[in-house]
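Let me give you the structure first, and then I'll get to my questions.
The values are calculated or read from the model by the stated rules, or taken from the named source; none is laboratory data. A quick note: this is a predicted structure, and the numbers were derived from the prediction, not measured. Note: ideal-geometry Cβ built from the backbone for every residue, glycine included; neighbour counts use all protein chains shown.
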Amino acid sequence: MKKILFASSETHPLIKTGGLADVAGSLPLALAALGQDVRIIMPNYQGIKNCEPGRYLCTVRVNNCDVNLLETRLPDSDVIVWLVDYPPFFNFPGNPYLDEAGRPWPNIGERFALFCRIIVEVATNRAYLDWHADIVHCNDWQTGLVPALLSLEPNPPATIFTIHNMAYQGLFPGSTYAQLNLPGQLLHPDGLEFHGMLSFIKGGLSYSDRITTVSPTYAQEIQTPEFGYGLEGLLAHKQSQLRGILNGIDVSVWNPANDAYIAKPFSVDTLKDKQINKAALQQQLGLPVESETPLFGLIGRLVEQKGIDLVLSCLQEMTTLPLQFALLGSGDKSIEYRLQEFARLYPEKVSITIGYDERLAHQIEAGADIFLMPSRFEPCGLNQMYSQCYGTIPIVRKTGGLADTVVDALPESIANGTASGISFNDASAAALIEAIKRSLVLFHNRPVWKKIQRNAMLKDFSWQNSANQYLALYNEI
Ligand code: ADP
């Protein structure tokens, strides 16, 4: 049994801004089910909810700050969560990275440097918890200083650093280094320095024993200039330590046969009941209730990464095709505005919901026929996996985790029973609209469409497989 300290800046359902929280709320549970002793560590934000209030454990002094450690658990489980409680940094409204007005926290570097220092104290059993980690599993730049600081310790625990998105690196002006009072021996081009700046993510990449990212294809992509953001050379250099392990999905939450949010649960054997969910969704969104009109769904952050600009470029033409489109998301204000304009002009065809709404997300996954996910890059992506479980055929761009989880419906894959979606290569509106038209042809070929739905719904995206791969990695180091 390994003692694993799982460090993350967000954990579902306590606090979530994206897929990292889903991983932090699921992988430790799957590892615990494999008999491992896993503890999660995260900051004690004001916005934390859905857990018992943290019980005070101890106070640890780092960098002249007295920091409390509190203990709670993931809901309905025995997995311990240690909350790093330092009110001057974390007791504010807002999310882990942005204030209430959507501005990055001005002291975000100080916040996560303090978090990293506490992780080091806990991992090395200097926090009076009588627990010494074998493995520290760090996630994204917010925990990047941990492997670097641990490298200065005698007999440090082994470290894994998982990249959930290379686009976020924790880059700060060089002067921040002295302000954070970090040890001088780490500041060099093979350490935390990146072109004269301080890079938190480089701490994870340069000093950890293993680097993972959340899909095999993304592990290859980040070794190229297009996806590596200047760190492709370092990643290529460390490729023997770099692994891609797909995220799983929480099948207790995302299971059409047992989903309390949807009008009528269904399974691969009762696929006709998907129609009931489609009709309920159409009615709820004010779209004409038409069973033969394919309903396209999209859920996600409205940012360039998600290829939402490609969707916007296609929307005019989509309104001329026999289809409906339901979108749920929030993000870039100008994108939100342009999408809402389409809904205003074409209320019979387009429904746009701006906001974050878990219930509606489930209802779209259950009720839509086709799911759009034309991401420019996608480290892993979750919605394309949810979609397949719900028999909602995803249209994806062939990148990152989308390439690894969706099998394009071509004559060969249809014949051999592996087709589970539609994929296209170019990040262009022309390629997306062609894929949409291809899906319309397939949709109206009912026997083939049903076959693709069955293939998709029978795929196993549970965490168990991923957790076994992580465990094999922990045992390697
Ligand atoms: P990313 O982490 O890049 O945002 P992922 O696909 O990996 O993308 O994960 C996004 C998660 O957030 C999914 O669980 C998705 O359903 C959820 N999500 C995103 N936007 C919304 C929204 N507006 N309402 C409800 N859920 C959302």
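Pairs only if they're at least six apart or on different chains, beta carbon under 8 angstrom, first in the stretch 371-382 and farther than 8 Å from Thr399 by Cα, second acidic (Asp, Glu) and within 11 Å of the ligand (Cβ to nearest atom); list them, first residue then second.
Matching pairs, first to second residue: Phe371/Glu365; Leu382/Asp22.
Related question: Could you go through the stretch 112-120 and let me know if any residue there is modelled with pLDDT of 95 or more, within 21 Å of Gly230 (Cβ to Cβ) and β-branched (Val, Ile, Thr).
So far as the stretch 112-120 goes, no, none of its residues is modelled with pLDDT of 95 or more, within 21 Å of Gly230 (Cβ to Cβ) and β-branched (Val, Ile, Thr).
Right, another one. Only one of these conditions is not met by Val406: (1) touching a residue at least 60 places away in the same chain (Cβ under 8 Å); (2) under 22 Å from Lys451 (Cα atoms); (3) touching a Gly at 6+ places or on another chain (Cβ under 9 Å). Which number is it?
Failed condition: (1).
Among the residues of the stretch 370-429 satisfying the criterion of being assigned to a helix (DSSP H, G or I) and among the small types (Gly, Ala, Ser), which is farthest from the ligand (Cβ to nearest atom)?
Applying the filter and picking the extreme gives Ala415.
Which residue out of Arg301, Arg210, Arg243 is surrounded by 14 or more Cβ atoms within 10 Å (Cβ to Cβ), touching a Gly at 6+ places or on another chain (Cβ under 7 Å) and not β-branched (Val, Ile, Thr)?
Checking each option against the conditions leaves just Arg301.
Among the numbered criteria (1) basic (Lys, Arg); (2) over 30 Å from Ile393 (Cβ atoms); (3) surrounded by fewer than 22 Cβ atoms within 10 Å (Cβ to Cβ), which single criterion is violated by Lys264?
For Lys264, the exception is condition (2).
Which pairs do you get when a residue that is over 19 Å from Ser330 (Cβ atoms), found in the stretch 278-305, comes within reach of a residue that is basic (Lys, Arg) and away from the ligand (no atom under 16 Å from the Cβ), reach meaning Cβ atoms under 7 angstrom, with the pair 6+ apart or on two chains?
Ser291/Lys278; Leu295/Lys278
Next question, about the same structure. Quickly run through the stretch 227-262 and pick out the residues that are closer than 30 Å to Leu192 by Cα, within 24 Å of the chain's Cα centre (by Cα) and polar (S, T, N, Q).
Hits for the stretch 227-262 are Gln239, Gln241, Asn247.
Which residue, of Asp66, Asp99, is without any contact (Cβ under 8 Å) to a residue 40 or more places away in the chain and in contact with a Ser or Thr (Cβ under 9 Å, 6 or more places away or on another chain)?
Asp66
Further question on the same structure: Taking into account only those residues within the stretch 358-368 that are within 11 Å of the ligand (Cβ to nearest atom) and at pLDDT 95 or above, which is surrounded by the fewest Cβ atoms within 10 Å (Cβ to Cβ)?
The residue in question is Arg359.
For (1) modelled with pLDDT under 95; (2) within 16 Å of the ligand (Cβ to nearest atom); (3) within 24 Å of Thr399 (Cα to Cα); (4) assigned to a loop (DSSP other than H, G, I, E, B), each residue gets a yes or a no:
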| residue | (1), (2), (3), (4) |
| --- | --- |
| Val311 | no, yes, yes, no |
| Gln316 | no, no, no, no |
| Arg344 | no, no, no, no |
| Ser351 | no, yes, no, no |
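For the stretch 23-48, give me the residue count where each residue is buried (at least 24 other Cβ atoms within 10 Å of the Cβ) and outside any strand (DSSP E or B).
Residues meeting the conditions: 7.
Of the residues Pro265, Pro288, only one is part of a loop (DSSP other than H, G, I, E, B), within 26 Å of the chain's Cα centre (by Cα), closer than 24 Å to Lys450 by Cα and away from the ligand (no atom under 16 Å from the Cβ); which?
Going through Pro265, Pro288 in turn, just one is part of a loop (DSSP other than H, G, I, E, B), within 26 Å of the chain's Cα centre (by Cα), closer than 24 Å to Lys450 by Cα and away from the ligand (no atom under 16 Å from the Cβ): Pro265.
From the list Gly367, Gly355, exactly one residue is at positive phi and either of a type outside the set (D, E, K, R) or touching a strand residue (DSSP E or B) at 6+ places or on another chain (Cβ under 7 Å) (or both). Which is it?
Gly355
Looking only at the stretch 1-56, count every residue that is within 15 Å of the ligand (Cβ to nearest atom), more than 17 Å from Asn468 (Cα to Cα) and hydroxyl-bearing (Ser, Thr, Tyr) and tell me the total.
4
Something else: Just the residues that are touching a helix residue (DSSP H, G or I) at 6+ places or on another chain (Cβ under 8 Å) and assigned to a helix (DSSP H, G or I), please, taken from the stretch 181-220.
Leu186, Phe200, Ile201, Lys202, Gly203, Gly204, Leu205, Ser206, Tyr207, Pro216, Thr217, Tyr218
Answer yes if at least one residue in the stretch 166-176 is part of a loop (DSSP other than H, G, I, E, B), within 16 Å of the ligand (Cβ to nearest atom), hydrophobic (A, V, I, L, M, F, W, C) and surrounded by 17 or more Cβ atoms within 10 Å (Cβ to Cβ), and no otherwise.
Yes, the stretch 166-176 has at least one match.
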